[in-house]
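Structure record follows, encoded as structure tokens.
The values are calculated or read from the model by the stated rules, or taken from the named source; none is laboratory data. The shown structure was predicted, so the numbers you read here are calculated from the model rather than taken from an experiment. Neighbour counts run over all protein chains shown; Cβ positions are idealised from the backbone, glycine included. We work out accessible area using only protein heavy atoms, side chains counted, and drop any ligands, DNA or RNA first. Shrake-Rupley method; radii C 1.70, N 1.55, O 1.52, S 1.80 Å.
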Amino acid sequence: MTLPWGSRDPHQRGSCPWTGLLLTVLLLTSWNPPASALMNILAIPEKPTQGQNVTLLVRGLPGELVAYNWYRGTSLNQAHLILSYIISLADETPGPAYTSREAVRPDGSLDLRDVVPEDSGSYILQTVNQQFQTDIAYGHLLVYEILSPPLLLANGTELVERRDTIHLLCSTPSTGEVRWFFNGEPLPIGSRLGLTPDNRVLVRHNVRREEAGAYQCEVWNPVSVSRSNPVNLTVYYGPDRVAIVQESAFRTGCTVEAEFNASLTLWCVTRSCPDPEYTWSFKGRTIESTTSYLNISGMTKNKEGTYTCIAKNPMTELSGSASVLVKMSVATSAMTIVPVPAKPTEGKDVILSVQGYPKDLLVYAWYRGTASEPNRLLSQLPSGNWIAGPAHTGREIGFANCSLLIQKLNLTDTGRYTLKTVTLQGKTETLDVQLQVSN
């Protein structure tokens, strides 16, 4: 049988005696792509991932073609030739860019096996008709890689507030996009956040305490996403606003008062990371106590004086202190209420006389029965005026020393009366007395 264009076996790949001459003619032929070219190339699948098989499907091929040439890149360069295909012989001839994973179909489409990201790029199909006229079509292939977790690197994980700078590098060989996460949430883009144009380096100057936490970076493309392991940053700060608070004592300003033989606990409080080291002193002399609290038991005169707490952060090398004056409170006599006369009678007056009332009195109130608003007889205000309450009958008068006058007694006045006092420091005391009216 006589074969067209020379005698050869169509199954002997690349052995056509005129193939080299045809390729030379095609490469030397000048051409201008027609304005109305109908050929187009479509990648199937549209978003391939590495390891898949892909077809660059050709549509709109003209008729009466004799050969196809496939190239990588954007120019018809012999060095970029993948395959030449003679249609009548179903013969392929590999070019310099052939990798053994490509094959041309009879319809001109190009099959690629086990694609890799390096296969991404432009492709050109050149067709040759029976008059040796050429036409071309451009295609593009983007192979997405299956992403591996990136590695997040930090310049340090223990930083000092307003002194150190965060440098985080998202290390990945992938060309995918990079996103950042803070404590599992997308990292907000703020004025103090610096990112390189490729988003792979994050910088924060003069780090702050609220920026301590878990950082992660994520690399992604349309078909794959992968996130790094978290890097936990600790930001050391403080101590801030050192203060002394107390238990079992009364405080006015910077003075703490405790009763004779009472126990007192002073607490040194501050905000600090890590917890500070504590030092206590009394009248300038160091006390053997390194805890955040100091116990003073059995209050006496010789324990009166200034107590100071010093808090020092070993990481920031900053320190702060607070002092308080501890005094023994002056004993006060207990408040009592005595009816005068002791046995009041109907139609007469009686005074519920109060002894030992608080000297720093702010306000007091008398009640008929228990200390509840409907039972209130009257209230004495800081101005010295008193205000009648719901239970006032017009026969009751209050005095500055808390005593209560009840005029023209009747038998219904018999019962319990309650006095409630409030001091300038907010200390509340309640005391009651039983009144018995005889006829």
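Can you tell me which residue within the range 106-147, out of those that are part of a strand (DSSP E or B) and of a type in the set (A, V, I, L, M), is nearest to N40 (Cα to Cα)? Walk me through how you get there before you give the answer.
Restricting attention to the range 106-147, the residues satisfying the condition of being part of a strand (DSSP E or B) are 110-112, 121-129, 134-141, 144.
Subset that is of a type in the set (A, V, I, L, M): 110, 112, 124-125, 128, 136-137, 141.
Details: L110: 13, L112: 18, I124: 10, L125: 9, V128: 16, I136: 9, A137: 6, L141: 13 Å.
Among residues in the range 106-147 that are part of a strand (DSSP E or B) and of a type in the set (A, V, I, L, M), the one nearest to N40 (Cα to Cα) is A137.
Filtering the range 84-105 for residues that are open to solvent by 10 Å² or more (accessible area, probe 1.4 Å), of a type in the set (K, R) and part of a loop (DSSP other than H, G, I, E, B) leaves a non-empty set.
T300 meets each of the listed conditions (1) open to solvent by 60 Å² or more (accessible area, probe 1.4 Å); (2) of a type in the set (V, I, T); (3) at pLDDT below 90 apart from (1). Of the strands (runs of 3 or more DSSP E) that lie entirely inside the range 197-270, those containing 2 or more residues that are open to solvent by less than 70 Å² (accessible area, probe 1.4 Å) span 201-204, 213-221, 224-227, 231-247, 255-258. Taking the numbered list (1) farther than 26 Å from K343 by Cβ; (2) open to solvent by less than 70 Å² (accessible area, probe 1.4 Å); (3) not basic (K, R) in turn, S383 passes all entries but (2). Among residues of the range 408-435 that are more than 12 Å from M335 (Cβ to Cβ), those with a beta-carbon under 6 Å from a residue that is aromatic (F, W, Y) at least six positions away or on a different chain give the pairs T418/Y367; L435/Y417.
The listed residues are L409, L405, and the only one of them that is more than 56 Å from the chain's Cα centre (by Cα), in a loop (DSSP other than H, G, I, E, B), among the aliphatic types (A, V, I, L, M) and surrounded by 13 or more Cβ atoms within 10 Å (Cβ to Cβ) turns out to be L409.
The condition of being among the charged types (D, E, K, R), modelled with pLDDT of 95 or more and farther than 30 Å from E46 by Cα holds for only one of E158, E218, E211, that being E158. The range 279-369 holds strands (runs of 3 or more DSSP E) entirely within its bounds, and those carrying 2 or more residues that are over 23 Å from V269 (Cα atoms) map to 336-340, 350-355, 361-368. The conditions are (1) open to solvent by 40 Å² or more (accessible area, probe 1.4 Å); (2) over 29 Å from E317 (Cα atoms), and T157 fails exactly one of them. Which is it? Going through the list (1) open to solvent by 40 Å² or more (accessible area, probe 1.4 Å); (2) over 29 Å from E317 (Cα atoms), T157 breaks only (2).
Among residues of the range 412-438 being part of a strand (DSSP E or B) and basic (K, R), the one that is farthest from R368 (Cα to Cα) is K420.
Restricting the range 19-39 to residues that are open to solvent by less than 70 Å² (accessible area, probe 1.4 Å) and modelled with pLDDT of 50 or more leaves a set whose member that is farthest from the chain's Cα centre (by Cα) is A37.
Scanning the range 423-436 for residues that are β-branched (V, I, T) and either in contact with a Pro (Cβ under 6 Å, 6 or more places away or on another chain) or surrounded by fewer than 16 Cβ atoms within 10 Å (Cβ to Cβ) (or both) yields T423, T428, T430.
Note on the range 327-366: among residues that are under 19 Å from L411 (Cβ atoms) and small (G, A, S), the one that is least open to solvent (accessible area, probe 1.4 Å) is G347.
Among the residues here, A388 qualifies as surrounded by 14 or more Cβ atoms within 10 Å (Cβ to Cβ) and free of Cβ contacts under 8 Å to residues at least 12 places away in the same chain. For S353, the criteria (1) touching a residue at least 40 places away in the same chain (Cβ under 8 Å); (2) touching a helix residue (DSSP H, G or I) at 6+ places or on another chain (Cβ under 8 Å) hold in every case but one, which is (2).
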